[in-house]
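Q: Structure provided below as structure tokens; questions to follow.
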Amino acid sequence: MRKLGRRSDVRKMLLRNQVTSFLHSERFVTTEAKAKEVSAIAEKLITRARQDTVQNRRAAAAYLLDEDVLRKLFTNIGPKYEGRPGGYTRMVRMGPRRGDAAPMAVLELV
């Protein structure tokens, strides 16, 4: 796991916020390191959402910050990838960010 230059509590909340925002908008622009972390977590949540069980809903609800995103995950996103064995996200590199030259990337659902 990448540390992203933050303490563990701040890093965990940052990733929870970014995963929730990513699943809400289905497209996300951020740094490459953050995109790789968000992608890994989102893939696991989408895999859980493919089967709509109480246990899977509770596990996803414990991580996501918005009930509307949870509902969207289990009604729209999960069934959409029912037959796909994995690889639900795509990361496209954009180049360096102006200002600090951090490598940027677009993360989107396939």
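The values are calculated or read from the model by the stated rules, or taken from the named source; none is laboratory data. Keep in mind that this is a model prediction, so the values were computed, not measured. A quick note on method: Cβ atoms are made from the backbone with ideal geometry, for glycine too, and the neighbour counts reach across all protein chains shown. Surface accessibility is based on the protein's heavy atoms, side chains included, excluding ligands, DNA and RNA. Shrake-Rupley method; radii C 1.70, N 1.55, O 1.52, S 1.80 Å.
Q: So for region 82-99 (the condition being of a type in the set (Gly, Ala, Ser) and touching a strand residue (DSSP E or B) at 6+ places or on another chain (Cβ under 8 Å)), does at least one residue qualify? Even if it seems obvious, please write down each step before you answer.
A: Here is the first cut: in region 82-99, the residues of a type in the set (Gly, Ala, Ser) are 83, 86-87, 95, 99.
The next check asks that each one be touching a strand residue (DSSP E or B) at 6+ places or on another chain (Cβ under 8 Å); those that pass are 95.
Scanning region 82-99, I find at least one residue that is of a type in the set (Gly, Ala, Ser) and touching a strand residue (DSSP E or B) at 6+ places or on another chain (Cβ under 8 Å), so the answer is yes.
Q: Among the residues of region 72-89 satisfying the criterion of being surrounded by fewer than 13 Cβ atoms within 10 Å (Cβ to Cβ) and within 16 Å of the chain's Cα centre (by Cα), which is nearest to Val29 (Cα to Cα)?
A: Across region 72-89, the extreme among qualifying residues is Gly87.
Q: What number of residues in region 73-83 are part of a loop (DSSP other than H, G, I, E, B) and without any contact (Cβ under 8 Å) to a residue 12 or more places away in the chain? Can you show your working first?
A: Going through region 73-83, the residues part of a loop (DSSP other than H, G, I, E, B) turn out to be 81-83.
After this cut, where a residue has to be without any contact (Cβ under 8 Å) to a residue 12 or more places away in the chain as well, the list is 83.
Qualifying residue count for the region: 1.
Q: OK, next. Sort out which residues of region 41-71 are of a type in the set (A, V, I, L, M), open to solvent by 50 Å² or more (accessible area, probe 1.4 Å) and in contact (Cβ under 8 Å) with a residue 12 or more places away in the chain, and write them in order of number.
A: Scanning region 41-71 gives a single hit, Leu65.
Q: Okay, moving on. Does any residue of region 25-40 turn out to be over 27 Å from Asp100 (Cβ atoms), open to solvent by less than 30 Å² (accessible area, probe 1.4 Å) and not in a loop (DSSP other than H, G, I, E, B)?
A: Among the residues of region 25-40, not one is over 27 Å from Asp100 (Cβ atoms), open to solvent by less than 30 Å² (accessible area, probe 1.4 Å) and not in a loop (DSSP other than H, G, I, E, B), which makes the answer no.
Q: Does Leu70 qualify as being in a loop (DSSP other than H, G, I, E, B), under 20 Å from Ser21 (Cα atoms) and out of contact with any His (no Cβ under 8 Å at 6 or more places or on another chain)? Steps first, please.
A: Numbers: in a loop (DSSP other than H, G, I, E, B): no; under 20 Å from Ser21 (Cα atoms): yes; out of contact with any His (no Cβ under 8 Å at 6 or more places or on another chain): yes.
Answer is no for this residue.
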